[in-house]
Amino acid sequence: MITSPESTRGAACGRPENRDLPWIAEDASPLARALMARVCASCPVLASCALEVATTPTTAGFWAGHDRTKWREPVTVQDTLPGLELGAAA
Ligand code: SF4
């Protein structure tokens, strides 16, 4: 979602029919994300929105077709069985 006033003119996310989508939610549903991506795809200021998100420290929200939320807690992926940790000395 675009934030600077001069670049908000024409933003599709600001249109009445799109305002209620969860643009700043951290837990938007897959359906909501798909709907927002579709809105972004037809947005006349998509390029400037993408530039803005690329040049600002964005950690949350849906911007320029993508969910930018950075999860607070890292997701742990277990890549080995317990007791068989890589690099463990025998
Ligand atoms: S590209 Fe998407 S998030 Fe950016 S201004 Fe347009 S509708 Fe809003």
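With all distinct Cα pairs included, what does the Kirkwood hydrodynamic radius of the stretch 5-67 come out to in Å, to one decimal, could you say?
Answer for the stretch 5-67: a Kirkwood hydrodynamic radius of 11.8 Å.
Could you work out how much longer the chain between residue 70 and residue 25 gets when fully extended? Use 0.36 nm per residue separation minus the Cα distance between them, nm to one decimal.
15.0 nm
Compute the distance in nm between two label points, each set 7 Å from the Cα along the Cα-to-Cβ direction, one at residue 55 and one at residue 42.
2.9
We did not get these values from a lab; they are worked out from the coordinates using the rules stated. Computed from a predicted structure; not experimentally measured. Reconstructed Cβ throughout: ideal geometry from the backbone, glycine too, with neighbour counts over all protein chains shown.
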